Structures are given as structure tokens and as C-alpha cells.
Amino acid sequence: MSIARRKDGRWIVKYRDAKGDWQQRSFRDETEARRFDGESAYDDIDNERPTLLECVLAFLDNTTHSKHVVWQFKFDVLGNDKKDGTHTEGPAEILANRYVDTLIFRDLNTVRSNCRARGISNASINLCTARLNAALNWCAKHDIIEQNPWAKYGRLDAAHGSRMGTLEAFQKVYACAAEWLQWACRTCLALCLRPGMSELFSLTWQAFHWKARTVTVYMGKTGSTKTVYPPEDYLAEAWERYCGDGRDNAKLVCRNRKGTAVTATNYEAAWKAACKKAGERLPMYSIRHIAASQMLEAGADLAAVAAQLGHASAATTGKYYLHAMPAAQKRAGHVLSLVQLGAAKTEKA
């Protein structure tokens, strides 16, 4: 903080805003300037205790997201000012200026209650709290805060049936999709991505490690990264596209028919058109669920599938994909040979 008087008689007060950047404000009267200085006094000790708002802004400033995702994060903690002058309060806005180290489970419930008051489903409430947790997890990882105070609390039970879909339905929609969307679908399947702007359509060729045969994906939903081992046939096709894109200086893996960045409007309209042509009602998010189900039904290890999906715990994978486990369990039973274990039935003399 600092106060200075300009040649024109005005008083200037320098202060830090919510992001920690220096700003200045002018006053005609010294008394008003000093009062503002006192109200905005910058305490070095308190500044080491970031607020929820500061954590969210720091996360957004240092990570890459689509405009829509950024808007969602900011709405959670800042709300939204409409053109008519009214303000819509964000679900966590009441906690925006709270120090993170003072947040407790009751505060998390406050966010959930604010969402419920608007008639929001548990699945959407989980998305809201997941965004906040992503920001807090990132800040904890980068030593901005000591720990995420909400990390140990689970998600609300929510039905995910609306996002499921069958392989047969997907194959019909895929056959009706434009070529650029088909490539996006293959990428989504091979890398077990969340289709949308934060993962699939933000993926760049820089994420591919050709020698290691892996792809590193940043997951905006959780604020973490995952390493995926794609199928070899996908990597072969990806390499050909990468070589061609290199000549065109293209960075994005998936682009629209014009070769430019895909927008939410682009892929949503294209997917909707393909579904209509195929006579199916299938959300694009179902591609991720189909990938998980196919791996589990083929007998893949649950922990390995969890790693491909980017789940922090295999328990999460088991919870949502229990329907895909019986086939693998049956095969496991057949592998267990009683003869090899020395437990075969002894023939009677």
C-alpha cells in the first residue's frame, strides 16, 4: 500500500486486487484516500492465506480452458451481472473471500444447498464442486495452499444413466458423422477422453510421446493429468495425421471440416445431426463410458482401466462400470484351475 499526491492535487492510493496485482485509485480528498488505504490495507501475513476466489483465479490464470469453462468457474465464485443490472449469485460466491484454510464440510454443504435451491440435480452439483476441487487441488499441488480442505469428502450419489449408451447405438451414429467428427470420436475412444472443449477439442500434438507410445492429457475437470496408452492402430493413424499436420503447422489434434479449432457449437450441432440421421438419442459423453465398458468386458484389469480414464481411485471406476464386470468375473473363474491347485476330485478306487 502507498499514498501519494499528484501535481493536480489528487491523491493516489496503490493497492493489490483479488488477483494480487497492483492497482491504483485516485481521490480528490486526502481523508477519503487514507480511509480507502486503511480499508484495503495489504497484510503480508494474511496474503499468505489465499481465499477461495484467489485460488480459482490462480488456477484459471495458469491452466488452459475454453471460454465457456472459464465462465463456469468464475460464475461459481463471482456470480453473473446481467445487462439489466441484476446480479445472479454464484453457488460458492458467499465463500469467495473466505480463507481456504478455514473451509470445512459445512461450507461444502452450503454450496450444495445453494445449488439445490435452484433445482439443480446431484450430477450437476457434483460438477460444480468438482470445479472448485480442481482449483483447490491445483493450488495444493503448487504449494499455494497446504491442502484441499474438501479433498476427503465424497461426491453425492447421482444417476448417470442419461450418459450411458450402447456400442451398437454409437456405431450407427458414428457411421452418419462427418469425417472430422469420426476422427474426434476415434480419438475420444482411444484416449478415454471426456468429449468437449476441456479435453478432446483442446488436445494438441504436443501431448503425444511417440517413442514412449503414450499420450499425456490434462483433465480440466479434476485439474490433474493422466498418461494413456492408446491402441497401436490408433497411434499409427495419429502419426500419419501428425506428419501431415506438421507441414500445415497445425497444433490441434481434432479440428472442424475447415481445419480450424472446433467450438462447442460446431461439435454439438454435428453430433446432433449425426444422431438424428442415425435415428438414435445418444449423448456424445457416452463415448467415454463405452470405452470403459469395452475394456472391462474384454477382461482388462480394473486398476488399469481406472488409469486410462484418469480416475484417482479404482473404486470410482468400479462404482460406475459395475455392469461391465460380470463377463470379466466369469472369465476369471474359468482361469482358476482346480487341477493345477491340487484340488481335483480324487477318483474312487
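The values are calculated or read from the model by the stated rules, or taken from the named source; none is laboratory data. Everything numeric here is computed off the predicted structure, so don't read it as measured data. Cβ: placed from backbone, ideal geometry, glycine included. Neighbour counts: every protein chain shown.
Could you run through the range 78-89 and say how many residues are under 24 Å from the mean Cα position of the chain (by Cα) and either modelled with pLDDT of 95 or more or over 25 Å from Gln147 (Cβ atoms) (or both)? Walk me through how you get there before you give the answer.
Looking only at the range 78-89, we keep the residues that are under 24 Å from the mean Cα position of the chain (by Cα), and these are 78-80, 88-89.
Next cut, either modelled with pLDDT of 95 or more or over 25 Å from Gln147 (Cβ atoms) (or both) only: 79-80, 88-89.
Within the range 78-89, residues that are under 24 Å from the mean Cα position of the chain (by Cα) and either modelled with pLDDT of 95 or more or over 25 Å from Gln147 (Cβ atoms) (or both) number 4.
Within the group Glu199, Glu232, Glu240, which residue is without any contact (Cβ under 8 Å) to a residue 24 or more places away in the chain, in the same structural domain as Ala307 (by TED's automatic domain parsing) and within 25 Å of Ile125 (Cβ to Cβ)?
Numbers: Glu232 fails: within 25 Å of Ile125 (Cβ to Cβ); Glu240 fails: within 25 Å of Ile125 (Cβ to Cβ).
Being without any contact (Cβ under 8 Å) to a residue 24 or more places away in the chain, in the same structural domain as Ala307 (by TED's automatic domain parsing) and within 25 Å of Ile125 (Cβ to Cβ) holds for just one of Glu199, Glu232, Glu240, which is Glu199.
Hey, could you check the range 252-288 for residues that are among the small types (Gly, Ala, Ser) and farther than 23 Å from Gln206 by Cα and say which is nearest to the chain's Cα centre (by Cα)? Spell out the reasoning first.
At the first step, the residues of the range 252-288 found to be among the small types (Gly, Ala, Ser) are 259, 261, 264, 269-270, 273-274, 278-279, 286.
Those left that are additionally farther than 23 Å from Gln206 by Cα: 269-270, 273-274, 278-279, 286.
Values: Ala269: 22, Ala270: 22, Ala273: 26, Ala274: 26, Ala278: 29, Gly279: 30, Ser286: 16 Å.
Among them, the one singled out is Ser286.
In the range 194-225, how many residues are more than 18 Å from Asn62 (Cα to Cα) and touching a Leu at 6+ places or on another chain (Cβ under 9 Å)? Steps first, please.
As a first pass, look at the range 194-225 and keep what is more than 18 Å from Asn62 (Cα to Cα): 194-196, 200-201, 205, 208-215.
Next, from what is left, pick out any that are touching a Leu at 6+ places or on another chain (Cβ under 9 Å): 194, 200-201, 205, 208, 210, 213, 215.
The total comes to 8.
Evaluate the following for Cys185: is it closer than 19 Å to Ala312 by Cα and either basic (Lys, Arg) or modelled with pLDDT of 90 or more (or both)? First the steps, then the outcome.
Numbers: closer than 19 Å to Ala312 by Cα: no; either basic (Lys, Arg) or modelled with pLDDT of 90 or more (or both): yes.
Answer is no for this residue.
Any residue in the range 139-157 that is closer than 18 Å to Asn62 by Cα sitting within a Cβ distance under 9 Å of a residue that is in a loop (DSSP other than H, G, I, E, B) and β-branched (Val, Ile, Thr)? List the pairs, counting only those 6 or more apart or interchain.
From residues that are closer than 18 Å to Asn62 by Cα, the pairs are Cys139/Ile145.
Of all residues being of a type in the set (A, V, I, L, M, F, W, C) and without any contact (Cβ under 8 Å) to a residue 40 or more places away in the chain in the range 209-225, which is surrounded by the most Cβ atoms within 10 Å (Cβ to Cβ)? Just the residue, please.
Our first condition is that a residue be of a type in the set (A, V, I, L, M, F, W, C); within the range 209-225, this holds for 210, 212, 215, 217, 219.
Filter once more, keeping what is without any contact (Cβ under 8 Å) to a residue 40 or more places away in the chain: 210, 212, 215.
Details: Trp210: 12, Ala212: 10, Val215: 24.
Result: Val215.
Filtering the range 226-256 down to residues that are assigned to a loop (DSSP other than H, G, I, E, B) and at pLDDT below 90, which residue is surrounded by the fewest Cβ atoms within 10 Å (Cβ to Cβ)? Outline the logic, then answer.
Of the range 226-256, the ones assigned to a loop (DSSP other than H, G, I, E, B) are 229-231, 248-251, 253-254, 256.
This time we only want the ones that are at pLDDT below 90, so: 248-251.
On the way: Asp248: 8, Asn249: 6, Ala250: 17, Lys251: 13.
Among them, the one singled out is Asn249.
Kindly evaluate Gly196 against the criterion of being surrounded by 15 or more Cβ atoms within 10 Å (Cβ to Cβ) and part of a loop (DSSP other than H, G, I, E, B).
Numbers: surrounded by 15 or more Cβ atoms within 10 Å (Cβ to Cβ): yes; part of a loop (DSSP other than H, G, I, E, B): yes.
Spelling it out, Gly196 is indeed surrounded by 15 or more Cβ atoms within 10 Å (Cβ to Cβ) and part of a loop (DSSP other than H, G, I, E, B).
Report yes if some residue within the range 173-187 is assigned to a loop (DSSP other than H, G, I, E, B), of a type in the set (D, E, K, R) and assigned by TED's automatic domain parsing to the domain that holds Lys277; otherwise report no.
First, the residues of the range 173-187 that are assigned to a loop (DSSP other than H, G, I, E, B): 176-178.
Subsequent filtering for residues that are of a type in the set (D, E, K, R) retains none.
Scanning the range 173-187, I find no residue that is assigned to a loop (DSSP other than H, G, I, E, B), of a type in the set (D, E, K, R) and assigned by TED's automatic domain parsing to the domain that holds Lys277, so the answer is no.
What are the residues in the range 66-77 that are under 12 Å from the mean Cα position of the chain (by Cα) and in a helix (DSSP H, G or I), if any?
Taking the range 66-77 as the starting set, the residues that turn out to be under 12 Å from the mean Cα position of the chain (by Cα) are 66, 69-70, 72-73.
Scanning the range 66-77 gives Val69, Val70, Gln72, Phe73.
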